[in-house]
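The values are calculated or read from the model by the stated rules, or taken from the named source; none is laboratory data. Nothing here was measured: the structure is a model prediction, and the numbers come from that model. Please note: Cβ atoms are built from the backbone with ideal geometry, for glycine as well, and neighbour counts cover all protein chains shown. Accessible surface areas use protein heavy atoms only, side chains included; no ligands, DNA or RNA. Shrake-Rupley method; radii C 1.70, N 1.55, O 1.52, S 1.80 Å.
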Amino acid sequence: MPNLFLPDRIIRVNQLDSTNSYALQLLKNTNPSGGTVVMALNQTEGRGQQTNAWESESGKNLTISLILRPDFILAQDQFQISMLISLGVSDYLKTYTENVSIKWPNDIYVGDKKIAGILIEQSIMGAHLSHSVCGIGVNVNQGEFTSNAPNPVSLNMLTEKDYQLEHELVKLLAAFEKRYFQTMNEGGKKLEADYLKSMYWMNEEHTFEDEDGEFTGKIVGISEFGQLQVEDEDKDIRTFNFKEISFLR
């Protein structure tokens with residue numbers, strides 16, 4: 001099996017505004033191989049989903065973007081990328097701590113605290129994916145957070161240990177690579193099964209909010225396009241795209 005993330009495909013930059021923006025510019029200007037990694041020690045304008053920002057203290061955390069060329073994935077199945085990246089981060093974190101889960105679509109939690117965020121930007125050519133730029137921020141050594149993010153946590157805060165970022169990068173990339181080739185060779189069924197098993201609040205009764213207000217329900221799955229499915233008190237299944245539902249309590 002060929003390696004996806006080779007050492008000579010890792011681009012290290014001391015400071016960037018955003019690793020995803022840098023990776024997207026690379027795609028415009030050059031023809032980077034699938035498996036190219038952009039790593040920044042300091043990311044000044046890290047981007048989360050839509051208008052969200054990502055706080056990361058310089059030199060403390062893993063802030064990377066992966067350039068993938070997953071042309072084996074159909075455009076209609078593009079949520080597979082979100083699942084494999086989320087599961088890769090989850091697999092990596094489970095080697096250090098328990099109670100790791102994926103808050104739909106791709107925030108990574110330990111208990112009720114957020115330890116990693118993911119931003120995926122994709123391009124489609126014909127019926128298949130052309131490329132995916134996957135931005136990942138994992139809180140590793142940061143000891144405190146100053147932004148208004150409600151519930152951040154890091155590996156350092158959980159384990160009271162410091163980690164060598166280059167070593168952690170190798171481990172994290174190995175976890176992504178395993179999930180990537182699993183998807184390439186076996187398709188998405190096992191990936192989806194593992195994702196559902198890892199979902200935050202899965203099959204638990206909680207309070208949510210949508211455009212019509214608060215309601216009680218439980219997450220029961222995802223649609224074939226990766227939309228969240230929540231069963232409400234009337235046993236109706238409500239289906240949501242990203243930002244159409246809030247997790248309250």
- Filter pass, Ala149 being open to solvent by 40 Å² or more (accessible area, probe 1.4 Å) and not in a helix (DSSP H, G or I): yes
- Could you please let me know if Tyr163 is aromatic (Phe, Trp, Tyr), open to solvent by less than 40 Å² (accessible area, probe 1.4 Å), assigned to a loop (DSSP other than H, G, I, E, B) and at pLDDT 95 or above? yes
- Does Met184 meet the test of being under 30 Å from Lys60 (Cβ atoms) and either loosely packed, with under 11 Cβ neighbours inside 10 Å or touching a Phe, Trp or Tyr at 6+ places or on another chain (Cβ under 7 Å) (or both)? no
- Could you look through region 79-104, keep only residues that are over 11 Å from the mean Cα position of the chain (by Cα) and without any contact (Cβ under 8 Å) to a residue 60 or more places away in the chain, and pick out the one that is most open to solvent (accessible area, probe 1.4 Å)? Glu98
- Has region 129-137 got at least one residue that is under 17 Å from Arg69 (Cβ atoms) and touching a Pro at 6+ places or on another chain (Cβ under 7 Å)? yes
- Query: Condition test on Asn156, is it at negative phi and either aromatic (Phe, Trp, Tyr) or not in a loop (DSSP other than H, G, I, E, B) (or both)?
  - Reply: yes
- Can you name the condition, by its number, that Gly213 falls short on among (1) without any contact (Cβ under 8 Å) to a residue 40 or more places away in the chain; (2) surrounded by 12 or more Cβ atoms within 10 Å (Cβ to Cβ); (3) not polar (S, T, N, Q)? (2)
